[in-house]
Each structure stands twice: as structure tokens, then as C-alpha cells.
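Asks: Right, I'll just put the structure down here and ask away after.
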Amino acid sequence: MSIDTDRFRDSLNEHRERLLGAIEHHDIGGASLTDETGELSGSTSDNHLADSASETYERELDEGLEADAQWQLREVDEALGRIEAGTYGTCAVCGKEIPAERLEAVPWTTLCIEDARKLAR
């Protein structure tokens with residue numbers, strides 16, 4: 001069975017655009033917590049511990065979401081590279097063709113379901 005790489009390329013490119021949007025939305029750059037919170041962190045007289053904790057939590061959440069989106073973006077870019085190289089849909093461990101159902105679920109995967117399960121153990 002031959003894989004419709006055009007369909008997967010389109011799907012990966014759409015997902016790539018969504019990831020770029022998520023990264024832009026959660027981008028904290030090099031700003032410090034004080035820079036981001038402005039008057040909240042700068043005011044010492046009425047700064048509440050709960051407010052600081054909430055701001056810290058939000059920043060850590062954004063950092064985690066951004067890191068996850070950047071990791072997934074790398075995976076998508078590598079999958080697009082495999083499409084161009086003609087190796088997309090081939091398991092990196094056993095060399096067998098990855099079923100289309102698996103690629104539809106995780107289009108950037110490099111492993112067939114059997115090898116993915118072995119790796120997870």
C-alpha cells in the first residue's frame with residue numbers, strides 16, 4: 001500500500017501553522033517575571049503572596065506549553081523532511097511501512113505501533 005504523502009504534507013503543514021501560532025501566543029521571550037507582571041511585582045506594599053503565586057504558575061504553564069509546541073514543531077519539520085526525502089511512513093526501527101491509520105493519528109511518528117509499544121515499555 002502506498003502512502004498519500006500529499007495529504008500528509010498538507011496535514012503536517014496545517015499543524016505546523018497551528019503550532020507556530022501557539023508558540024507566538026505563549027512566547028515569553030527573555031522577559032523576567034517582574035517585567036511581565038509590571039505593577040503587581042513592583043509594588044511591595046500591597047503585593048499579595050497569592051497574586052505572585054498565580055503569576056508564577058501562569059508563567060511556568062506558558063513556558064511548558066511553549067516548550068511542548070517547539071518540540072512538536074521540530075517533529076513536524078522532520079516529518080516534512082522525510083516526505084521530501086522519500087522516507088516518510090517507514091519505521092525507523094524495523095523498516096516496515098507504517099500503516100496510514102497510525103500516520104493519521106500521529107503524522108510525525110517515526111515508529112510503527114509495535115516498535116512504539118516496545119519503546120514505551
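The values are calculated or read from the model by the stated rules, or taken from the named source; none is laboratory data. Being a predicted model, the structure only gives us computed values, none of them experimental. Virtual Cβ from ideal backbone geometry, glycine too; neighbours counted across all protein chains shown.
Asks: Could you check how many residues of segment 13-34 are surrounded by 11 or more Cβ atoms within 10 Å (Cβ to Cβ), modelled with pLDDT under 75 and under 24 Å from the mean Cα position of the chain (by Cα)?
Replies: Qualifying residue count, segment 13-34: 5.
Asks: D62 versus (1) modelled with pLDDT under 90; (2) loosely packed, with under 15 Cβ neighbours inside 10 Å; (3) within 20 Å of the chain's Cα centre (by Cα): which is the lone unmet condition?
Replies: So the condition that D62 fails would be (2).
Asks: Could you list all residues from segment 87-106 that are surrounded by 14 or more Cβ atoms within 10 Å (Cβ to Cβ) and among the small types (G, A, S)?
Replies: Residues satisfying the conditions are G89, A100.
Asks: Specify the residue that is modelled with the lowest pLDDT; the eligible residues are those in segment 1-12 that are of a type outside the set (A, V, I, L, M) and outside any helix (DSSP H, G or I). Walk me through it before giving the result.
Replies: In the first step, residues of segment 1-12 are kept if they are of a type outside the set (A, V, I, L, M); the result is 2, 4-11.
Filter once more, so that each one left must be outside any helix (DSSP H, G or I): 2, 4.
Details: S2: 73, D4: 88.
Result: S2.
Asks: Moving to a separate point now. Taking the stated definitions as given, is C112 in contact with a helix residue (DSSP H, G or I) (Cβ under 7 Å, 6 or more places away or on another chain) and surrounded by fewer than 17 Cβ atoms within 10 Å (Cβ to Cβ)?
Replies: So C112 fails the test.
Asks: What are the residues in segment 81-97 that are over 20 Å from the mean Cα position of the chain (by Cα) and in contact (Cβ under 8 Å) with a residue 40 or more places away in the chain, if any? First the steps, then the outcome.
Replies: Filtering segment 81-97 for residues over 20 Å from the mean Cα position of the chain (by Cα) gives 84-87, 90-97.
Within segment 81-97, E97 is the sole residue that qualifies.
Asks: Within segment 35-47, is even one residue closer than 25 Å to R102 by Cα and either among the hydroxyl-bearing types (S, T, Y) or modelled with pLDDT of 75 or more (or both)? Explain how you work it out, then say what you get.
Replies: Let us first name the residues in segment 35-47 that are closer than 25 Å to R102 by Cα, namely none.
The answer is no; no qualifying residue exists.
Asks: Next question, about the same structure. Sort out which residues of segment 73-86 are among the small types (G, A, S) and either surrounded by 12 or more Cβ atoms within 10 Å (Cβ to Cβ) or closer than 15 Å to D10 by Cα (or both), and write them in order of number. Walk me through it before giving the result.
Replies: Initially, segment 73-86 is screened for residues among the small types (G, A, S), giving 79, 81, 85-86.
A79, G81, listed by residue number.
Asks: Ok, one more. Looking at (1) surrounded by 13 or more Cβ atoms within 10 Å (Cβ to Cβ); (2) closer than 28 Å to A22 by Cβ, which is the only condition L119 fails?
Replies: It fails just one condition, (1).
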